[in-house]
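This report refers to the structure that appears directly beneath it.
The values are calculated or read from the model by the stated rules, or taken from the named source; none is laboratory data. Just so it is clear, the structure is predicted and the values come from calculations on it, not from any experiment. Here the Cβ positions follow ideal geometry from the backbone for every residue, glycine too, while neighbour counts run over all protein chains shown.
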Amino acid sequence: MAGACRQACEVMAGILKSDEGFLEEYLPTMSEPVKITVRPNVPLPVEGPITLTDADGRQWDLTGKPAISLCRCGASANRPFCDGSHKTVGFVCQATPPATLT
Ligand code: FES
């Protein structure tokens with residue numbers, strides 16, 4: 001949350017003192033939603049403008065990475081990222097949103 005707030009403040013500060021180049025570079029990415037696709041038995045791919053921090057607010061450098069895969073099996077040696085270990089540990093997980101009443 002702190003990372004997201006900081007990013008928003010940096011963007012606002014940049015807008016206040018920006019030229020057109022800054023606006024073209026940052027505003028389109030701020031309007032893109034982050035997308036997480038839950039598929040059976042695999043990691044969670046996260047696409048979009050991502051800030052990833054630990055509990056102390058330290059950030060992973062995701063420069064140049066438009067998408068990442070987060071481990072959801074707990075077996076990765078490179079957490080929080082998937083390293084493919086879910087295949088060797090036989091991770092099984094099905095998840096779907098609850099049915100909506102119509
Ligand atoms: S989901 Fe791939 S290593 Fe955990």
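Values computed for the structure shown
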quantity	calculated
Complete set of residues in region 51-77 that are closer than 25 Å to P40 by Cα and part of a strand (DSSP E or B)	A67, I68, S69, L70
Counted residues, region 78-92 - those being within 9 Å of the ligand (Cβ to nearest atom), part of a loop (DSSP other than H, G, I, E, B) and either of a type outside the set (S, T, N, Q) or under 16 Å from V38 (Cα atoms) (or both)	6
Flag if P45 is in contact with a Lys or Arg (Cβ under 9 Å, 6 or more places away or on another chain), at pLDDT 90 or above and not in a helix (DSSP H, G or I)	yes
Residues satisfying the stated conditions in region 66-77, i.e. touching a residue at least 12 places away in the same chain (Cβ under 8 Å), more than 8 Å from the ligand (Cβ to nearest atom) and out of contact with any Leu (no Cβ under 9 Å at 6 or more places or on another chain)	P66, A67
